[in-house]
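> Okay, here's the structure, questions in a sec.
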Amino acid sequence: MIEILVGGVTLGAVYALIALGMSLVHAISRVVNLAQGGFVVLAALAAAALQGRWHLPLALDLVLVLAAMTALLAVLELTVVRPAVRRATPDRLLLVTVGLLQATGGLLLVAWGNQPYTMPPFTGTRPLALDGVLVPTQTLWVVGALLLAVLGLWLLLYRTGIGLLLRAAAENPAAARLSGVDADRVRTLAFALSGLMAGLAGVTVIPVTFAAFDTTVPYAVNGFIAAVLGGLGRLRGAVAGGLLLGVLEAVFGRFTSGTLAEVVAIAVLVLLLLLRPAGLFGFAEGRR
């Protein structure tokens, strides 16, 4: 049972990274970026290709993929999201991100075909034995990436001037604009950070499972469920929601089936929306 929970935490950490990117973007721009799931798979396939075809060192591989994903999401905000924000309503913006998700899946099919890809764990395939419990070494990388992302975001948001601008734009966009905050630049930064989160999720999860063009939608849906569970726009809620969802899927997937685990995740989401629409942490903090 402990090993099942370890697997759930591993999967939940990936969902939490996706939900962090979604929540950050939503908090700043009120955009629900479902395309985040597609960029996770893009990062995973790019990392596998750089190491498998070009035989790059692992450290260089990771740095290149993370930098590329950060830049890609910033460019996406400049070229697609920014014009759409000025012209479209929130529900139409959601459809824009759904279209981006489908387009990403199509491009991945053209570039990588319909075959699944994976790559070796970062530090070998032999698991660690901790008091009789076998823990895959890649689990430590996934959980470590989540902890690093949370710590980095906390330092950025609460210890830097840029973080002050981000928090101001999230708390009261109108007042932030009146105070001289450039909403467009802040939104671009939020998308760039979400690209970094997508890159971290993609490069750390592909040694655990496979990635293919048709895994974009599951990652998008599960990341969105995790974000809503914790409270969309709440960063700590994204972490809690991701871990909770991962453990639920691991437990139900082990004792029943993977399909039932997906049904349970949707059922939990619907139940939460009925009983606590703002999520688990939706009312944890006040809003001026």
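The values are calculated or read from the model by the stated rules, or taken from the named source; none is laboratory data. Model, not experiment: these values are computed from the prediction. Note: ideal-geometry Cβ built from the backbone for every residue, glycine included; neighbour counts use all protein chains shown.
> Among the residues of segment 85-133, what is the count of those that are over 16 Å from F39 (Cα atoms), of a type in the set (G, A, S) and exposed (fewer than 14 other Cβ atoms within 10 Å of the Cβ)?
So the count comes out to 4.
> Residues of segment 242-261 being of a type outside the set (A, V, I, L, M, F, W, C) and either over 17 Å from A220 (Cα atoms) or without any contact (Cβ under 8 Å) to a residue 24 or more places away in the chain (or both), which ones? Working first, answer last.
Of the residues in segment 242-261, the ones of a type outside the set (A, V, I, L, M, F, W, C) are 242, 246, 249, 253-254, 256-259.
Once the filter is applied, which keeps residues that are of a type outside the set (A, V, I, L, M, F, W, C) and either over 17 Å from A220 (Cα atoms) or without any contact (Cβ under 8 Å) to a residue 24 or more places away in the chain (or both), segment 242-261 yields G253, R254, T256, S257, G258, T259.
> For segment 149-172, which positions are more than 14 Å from the chain's Cα centre (by Cα) and within 22 Å of A59 (Cβ to Cβ)?
Listed by number, the residues that qualify are L151, G152.
> T104 passes all but one of (1) more than 21 Å from L5 (Cα to Cα); (2) of a type in the set (V, I, T); (3) at pLDDT below 90; which number fails?
T104 satisfies all of (1) more than 21 Å from L5 (Cα to Cα); (2) of a type in the set (V, I, T); (3) at pLDDT below 90 except (3).
> Another one. For segment 63-84, what are the residues that are within 14 Å of R185 (Cα to Cα) and buried (at least 18 other Cβ atoms within 10 Å of the Cβ)?
L73, A74, L76, E77, V81, listed by residue number.
> Suppose the filter is outside any helix (DSSP H, G or I), within 26 Å of A175 (Cα to Cα) and among the polar types (S, T, N, Q); does N114 pass it?
Against the criterion (outside any helix (DSSP H, G or I), within 26 Å of A175 (Cα to Cα) and among the polar types (S, T, N, Q)), N114 does not qualify.
> Taking segment 154-188 as the search range and keeping residues that are within 30 Å of V9 (Cα to Cα) and surrounded by 20 or more Cβ atoms within 10 Å (Cβ to Cβ), which one is modelled with the highest pLDDT?
The extreme case among them is L166.
> Take the residues in segment 155-205 that are of a type in the set (D, E) and touching a residue at least 24 places away in the same chain (Cβ under 8 Å), then tell me which one is farthest from L76 (Cα to Cα).
Ranking the qualifying residues of segment 155-205, first place goes to E171.
> Answer with yes or no whether V208 is among the hydrophobic types (A, V, I, L, M, F, W, C), assigned to a loop (DSSP other than H, G, I, E, B), farther than 27 Å from T79 by Cβ and modelled with pLDDT of 90 or more. Show your work before the answer.
Numbers: among the hydrophobic types (A, V, I, L, M, F, W, C): yes; assigned to a loop (DSSP other than H, G, I, E, B): yes; farther than 27 Å from T79 by Cβ: yes; modelled with pLDDT of 90 or more: yes.
For V208, the condition - among the hydrophobic types (A, V, I, L, M, F, W, C), assigned to a loop (DSSP other than H, G, I, E, B), farther than 27 Å from T79 by Cβ and modelled with pLDDT of 90 or more - is met.
> Just checking, which of G105, G144 is within 29 Å of V217 (Cβ to Cβ), part of a helix (DSSP H, G or I) and either touching a residue at least 24 places away in the same chain (Cβ under 8 Å) or hydroxyl-bearing (S, T, Y) (or both)?
On the way: G144 fails: either touching a residue at least 24 places away in the same chain (Cβ under 8 Å) or hydroxyl-bearing (S, T, Y) (or both).
G105 is the lone residue from the list that is within 29 Å of V217 (Cβ to Cβ), part of a helix (DSSP H, G or I) and either touching a residue at least 24 places away in the same chain (Cβ under 8 Å) or hydroxyl-bearing (S, T, Y) (or both).
> Specify which of the listed residues (A278, A267, A240) is at pLDDT below 90, assigned to a helix (DSSP H, G or I), among the small types (G, A, S) and surrounded by fewer than 23 Cβ atoms within 10 Å (Cβ to Cβ).
That would be A267, the only listed residue that is at pLDDT below 90, assigned to a helix (DSSP H, G or I), among the small types (G, A, S) and surrounded by fewer than 23 Cβ atoms within 10 Å (Cβ to Cβ).
> Now for a separate question. Considering only segment 157-207, how many residues are of a type in the set (S, T, Y) and under 17 Å from L147 (Cα atoms)?
3
> Where in segment 22-90 are the helices (runs of 4 or more DSSP H), entirely inside, with at least 3 residues that are touching a strand residue (DSSP E or B) at 6+ places or on another chain (Cβ under 7 Å)?
Numbers: elements: 36-52, 58-76, 82-87.
Qualifying helices (runs of 4 or more DSSP H): 36-52.
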